[in-house]
């Protein structure tokens, strides 16, 4: 199974794509939601506090964060890619899919 986000980060690392090319691909792609629903009661909040964190979602922004945490991309690259993802998500929320 291929993972587009991991493949793009690998291409950035090996120099086959530039940072701007990867950022543009990030702007153009669809990003899955990863945030869990917010608790609506004290009991739900307490239960959520006791759960383990949700696993990373393949093909999501979790992959970018993981690459940064592992030192696979620099802070400057992370900022550019995070901005590209924010732009992609923002455009979709405004109904410009």
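Numbers below:
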| read-out | value |
| --- | --- |
| Choice from 22, 85, 57 showing the highest fluctuation, given a GNM over the chain with Cα pairs closer than 10 Å | 57 |
| Selected from 17, 81, 45 as most flexible by GNM, with the chain as the system and alpha-carbon contacts under 10 Å | 45 |
| Gained length - residue 50 relative to residue 11, 0.36 nm times residue gap less alpha-carbon distance | 10.2 nm |
| Nearest-0.05 FRET efficiency for residue 28 and residue 74, computed from C-beta distance (R0 30 Å) | 0.85 |
| GNM top mover of 23, 46, 67 - the chain, alpha-carbon springs below 10 Å | 46 |
| Inter-label distance, nm, simple model (7 Å from Cα along the C-beta direction), residue 62/residue 86 | 2.2 nm |
| Helix 19-28 axis, angle to the chain major axis (alpha carbon atoms, nearest 10°) | 50 degrees |
| Mean ellipticity per residue at 222 nm, deg cm²/dmol - from DSSP H runs of n ≥ 4 across the chain, formula -39500 (n - 2.57) | -18500 deg cm²/dmol |
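Laboratory data are not the source of any read-out in this text; all were calculated from the coordinates shown. Quantities reported herein were computed from a predicted structural model and do not represent experimental measurements. Positions of Cβ are backbone-derived with ideal geometry, glycine not excepted, and every protein chain shown enters the neighbour counts.
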